[in-house]
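What follows is a set of notes on a single structure, which appears directly below.
The values are calculated or read from the model by the stated rules, or taken from the named source; none is laboratory data. All figures in this text were calculated on a predicted structure; none of them were measured in a lab. FYI the Cβ positions are ideal-geometry reconstructions off the backbone, even for glycines, and counts take in every protein chain you see. Note: accessible area is taken over every heavy atom of the protein model, side chains too, but ligands, DNA and RNA are not part of it. Shrake-Rupley method; radii C 1.70, N 1.55, O 1.52, S 1.80 Å.
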Amino acid sequence: MARKNMGKVKRYRRSFYSGGQQLRRILGAVLALAALFAAGWLIGPAVIDFGTSTWYSLKEGGGESSGTSTGTSQPASEPQAEPEATPEPQPTPEPAINPKDGGWAFVSISGLSSAEQAASTAQSLVAEGVRYAVVPCKDSQGYVYYQSGVATAQSSISATTFDAAAVQALKDAGVTPVAAICAFQDPLAPYVDRSLAVRYQDTDYFWLDAAADAGGKPWLNPYSDGAVSYITSLIDEVRAMGFEQVWLTGVQFPTTAGRDKANYGDTAGVTMGQRLAQVLEGWQAGGDCWVEYPLSEVLAGSDSQLLGASCAELGVKNLAIRVDEAVTEEQQPLLDAAVTELKAGGVANIALVQGDSFTLL
């Protein structure tokens with residue numbers, strides 16, 4: 001019997017699973033999802049942190065990597081703190097005392113008797129190119145030329161004083177006011193407080209710088225804390241008035257005549273030079289000072305009979321050398337050598353003062 005052609009027959013392969021096999025497949029899928037979730041939980045923050053850091057680095061640095069990582073993840077929504085800008089280098093400030101920027105003048109208190117008079121005087125000084133005006137505040141006779149509030153100075157105030165407003169008038173005109181104060185050469189203050197004075201030998205009498213009948217006068221004792229305090233009070237007072245610098249004279253021991261009879265009390269083994277250095281350190285620390293000494297003592301150096309040390313050893317920062325007459329040919333090389341040594345020793349500015357002239361060396 002012939003077979004009929006039925007054409008091609010399609011066959012399909014089908015898989016059949018039991019109930020247990022189906023359960024195992026479901027459990028396997030759940031475990032795989034759990035493992036994937038755990039992995040994402042562990043590495044996701046690091047990936048986010050890396051991506052955020054890279055994005056901000058590209059934004060801030062123009063495509064350059066920051067190069068470091070803190071290792072602490074932060075939310076992607078919080079931007080990184082912007083780096084602090086590198087500060088621009090600042091120029092070195094000029095020293096407070098700069099005598100090269102103008103002329104100097106020693107003014108009379110008669111031109112400062114009122115604010116109006118001071119303003120007129122200041123304009124005249126400016127027209128002459130003066131930048132610093134030295135005003136007498138206390139002289140070697142002990143007189144104080146302004147209305148001081150210091151108790152020891154009350155009986156020493158001169159009948160002629162300058163107006164306190166004159167200080168501001170000078171400053172308004174562009175002139176720097178400098179207060180001139182004589183320190184230990186003072187024949188008036190010892191009569192106010194005897195404990196401030198140099199004594200004669202072991203007595204309670206004043207030591208005098210000459211015989212009494214020859215006009216000898218007492219001096220303040222540099223070893224006396226009270227004497228130093230008195231001058232310090234005056235310096236603080238004039239600075240509070242507006243004086244920007246102080247011109248000190250008489251920062252020394254008395255003249256050599258008869259000084260072997262002078263009694264300074266208990267010096268505690270401190271030498272003359274050491275004592276003056278202590279005093280000057282305090283006065284100069286409070287503000288800018290010039291210290292004036294005669295040429296003879298500057299040339300004497302450490303052998304100075306009035307200072308007991310060189311000006312560099314005293315710690316003088318701004319030295320004014322007073323000459324009564326022109327420097328002689330013999331003195332000039334000695335002065336040049338002294339100036340070189342003093343500058344090497346730390347003296348910042350040195351000026352030669354003759355009369356009212358001021359010459360920077």
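Given TRP219, ILE157, GLN117, which one lies farthest toward the positive end of the charge dipole of region 102-234, if we put +1 on the Cβ of every Lys and Arg and -1 on the Cβ of every Asp and Glu?
Among TRP219, ILE157, GLN117, the one farthest towards the positive end of the dipole of region 102-234 is GLN117.
³J(HN,Hα) across region 250-265 via Karplus (A = 6.51, B = -1.76, C = 1.60, θ = phi - 60°), whole Hz, x for Gly/Pro?
With coefficients 6.51, -1.76 and 1.60, one gets x, 8, 7, 8, x, 4, 6, 4, x, 6, 5, 8, 7, 10, 9, x Hz.
List the relative contact order of region 256-361 as a percent without decimals, with contacts defined as Cα pairs under 8 Å and 6+ residues apart.
24 percent
Hey, can you grab everything whose amide H is under 5 Å from the amide H of ARG131? Only 5+ residues off in sequence or another chain; H modelled, so Pro and N-termini drop out.
GLY103, TRP104
Starting with the highest mean, order 123-134, 261-272 by the number of other Cβ atoms within 10 Å, averaged over the residues of each peptide.
123-134, 261-272
Distance from the Cα centre of region 320-358 to that of region 135-188, in angstrom?
Region 320-358 and region 135-188 have Cα centres separated by 27 Å.
I'd like the Karplus ³J(HN,Hα) series for region 124-140: coefficients 6.51, -1.76, 1.60, θ = phi - 60°, whole numbers in Hz, and an x wherever there's a Gly or Pro.
Working through the residues one at a time gives 5, 5, 4, 4, 8, x, 7, 10, 10, 10, 8, 10, x, 10, 8, 9, 6 Hz.
Keeping all protein chains in place, calculate the accessible area per residue for region 92-246 (probe 1.4 angstrom), answer in Å².
Accessible area per residue: 44 Å².
Take the eigenvalues of the Cα gyration tensor for region 228-350, scale each by 5, and report the square roots as semi-axes in whole Å, largest first.
Taking √(5λ) for each eigenvalue gives 24, 20, 13 Å, largest first.
Using amide H atoms built in the peptide plane, which far-off residues or other-chain residues are under 5 Å from GLN245 H to H?
Long-range HN contacts for GLN245: ALA179.
May I ask you to evaluate 6.51 cos²θ - 1.76 cosθ + 1.60, the Karplus curve with θ = phi - 60°, for each residue of region 228-233 and list the ³J(HN,Hα) values in order in whole Hz, giving x for glycine and proline?
Here the 3J(HN,Hα) series is 5, 4, 4, 5, 4, 4 Hz.
Counting only residues 5 or more places away or on other chains, whose amide H sits under 5 Å from the amide H of ALA309 once H atoms are built in the peptide plane?
SER304
Calculate what fraction, in whole %, of the accessible area of region 178-290 sits on carbon and sulfur atoms when a 1.4 Å probe is rolled over the protein chains.
With neighbouring chains kept in place, the figure for region 178-290 is 49 percent.
Binning every alpha carbon pair distance of region 207-282 at 5 Å from zero, what are the percents per bin?
Distribution as computed: 3, 13, 22, 22, 17, 13, 8, 3, 0 percent.
With a 1.4 Å probe and all protein chains left in place, how much accessible area per residue does region 247-361 have, in Å²?
Counting only protein heavy atoms, the per-residue value for region 247-361 is 46 Å².
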